[in-house]
Amino acid sequence: MIESGRPRLRRRYGRGRLVRLSPVILTVVIASLAYTTPPELAFSRLLPAAPALAAAMWPVLPTILLGTVCLFLMIGLSLVFPDLGTWWTAAGIIAVTVAAAYGSHVRLQRERTLFHVRLVADVAQQVVLSRMPRRFGNIEIESLYLAAAAEARIGGDFYEVVDTPYGVRLLIGDVRGKGLPAVGTAAAIVNAFREAAFTETGLVNVARRLDASCTRYNDAFPADGSAERFATALVAEIPHEGRRIDILNCGHPPPLLLNGRSLRVLESAVPSPLLNLAELIGDHYTIDSFAFAPGDLLLLYTDGIAEARARDGEFFPLAAWMRRQPPTPPRELLTALHRDLLRYSRGRLDDDIAALAVRLSKP
């Protein structure tokens, strides 16, 4: 796998260098054609295109230098072909070079702004999605996160895992919407979970705290338009000794539990209300318990994974994919999921993606 990736990286690096040298290549091609073809074809009039192309990828000074080279090339060609209309073309080169230098300056400013926005998004991601230990006692956990809005790097999906006196508690969820507008709601829910997971003895009270936090945040910062901002969420608890997992599902996709080659979908008998909708439909929460034996592999995920599409519109066959996986550590499972999702969707994800893989180690 690693060896097969190296030639691909070299090819990408080589193509990148070729693209960055394209203004020079264009200059050489135009100058060669202007020198070797009859003057009537007037290829020299294309020389202003070189600094214009350079503005899209070069800094200001190299762009100006290339425009200067093109100007001297035009003057040199005029000595060989006196009837080229040198001064009109030279004026065009100067005008285009000045405009290209300004365009390069504006582009660099925008790139710096985008860089700082990404830095802020990285900090926000670290606040909402804190790095977790990969092991809590005999429980191994790994996480995966991909934002559909690549320039934001963070979206409305969220997760958290905390080790409490009641066991290891997990949270995964999805705020309606994506990109930065959903981050605030996700942060409010995650922060409420970090506190409630330690202080509340039961998952029902934890869910009520999450719903109250989501409602307060949405009241303080209403969503644009008439649509309500709500979130699906799944709260789970694994006792320290293992053997079972308790799940409270607020409208979230059900987890998948792999035991050898046997796959089980952990459906809730009675769904609990989505966050921020309890006041409308009632706060009747249900906890379901499932066996969780040593060696079992549990996958919690958001709907962006199950709804990833191929070019023909078919959804990613998550259950069938999970059933084919061998017994593997959580990290390797999510690495394979990441790779196969991108391959299936051809690198085009329409929604944010979050996943937690959990395994109870064998004694």
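See the values below:
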| item | result |
| --- | --- |
| Checklist (1) more than 23 Å from Ile238 (Cβ to Cβ); (2) free of Cβ contacts under 8 Å to residues at least 24 places away in the same chain; (3) part of a helix (DSSP H, G or I) applied to Thr335, failing item | (1) |
| Hey, Leu263 assigned to a strand (DSSP E or B) and either on the phi > 0 side of the Ramachandran plot or modelled with pLDDT of 90 or more (or both) or not | yes |
| Complete set of residues in the range 288-304 that are surrounded by 15 or more Cβ atoms within 10 Å (Cβ to Cβ) and at pLDDT 90 or above | Asp288, Phe290, Phe292, Asp296, Leu297, Leu298, Leu299, Leu300, Tyr301, Thr302 |
| Residues (among the hydroxyl-bearing types (Ser, Thr, Tyr), free of Cβ contacts under 8 Å to residues at least 40 places away in the same chain and in a helix (DSSP H, G or I)) located in the range 15-59 | Ser22, Ser32, Thr36 |
| Selection count where residues are part of a loop (DSSP other than H, G, I, E, B) and surrounded by fewer than 19 Cβ atoms within 10 Å (Cβ to Cβ), scope the range 305-315 | 6 |
| The range 193-213, residues that are farther than 22 Å from Asp288 by Cβ and either at pLDDT 95 or above or of a type outside the set (Val, Ile, Thr) (or both) | Arg194, Glu195, Phe198, Ala212, Ser213 |
| The range 185-204 residues that are in contact (Cβ under 8 Å) with a residue 24 or more places away in the chain and in a helix (DSSP H, G or I), paired with ones that are surrounded by 19 or more Cβ atoms within 10 Å (Cβ to Cβ) and of a type in the set (Asp, Glu) (beta carbon under 7 Å, 6 or more apart) | Val190/Glu160; Phe193/Glu160; Arg194/Glu160; Leu203/Glu237; Leu203/Asp246 |
| Residue check, Leu248 hydrophobic (A, V, I, L, M, F, W, C), crowded, with 17+ Cβ neighbours inside 10 Å and modelled with pLDDT of 90 or more | yes |
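Table: residues versus (1) crowded, with 16+ Cβ neighbours inside 10 Å; (2) at pLDDT 85 or above; (3) not assigned by TED's automatic domain parsing to the domain that holds Phe72.
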{"position": "Pro7", "(1), (2), (3)": "no, no, no"}
{"position": "Arg12", "(1), (2), (3)": "no, no, no"}
{"position": "Arg17", "(1), (2), (3)": "no, no, no"}
{"position": "Ile25", "(1), (2), (3)": "no, yes, no"}
{"position": "Ala31", "(1), (2), (3)": "yes, yes, no"}
{"position": "Tyr35", "(1), (2), (3)": "no, yes, no"}
{"position": "Glu40", "(1), (2), (3)": "no, no, no"}
{"position": "Leu47", "(1), (2), (3)": "yes, yes, no"}
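The values are calculated or read from the model by the stated rules, or taken from the named source; none is laboratory data. All figures in this text were calculated on a predicted structure; none of them were measured in a lab. Ideal geometry is used to build each Cβ from the backbone, glycine not excepted, and the neighbour counts take in all protein chains shown.
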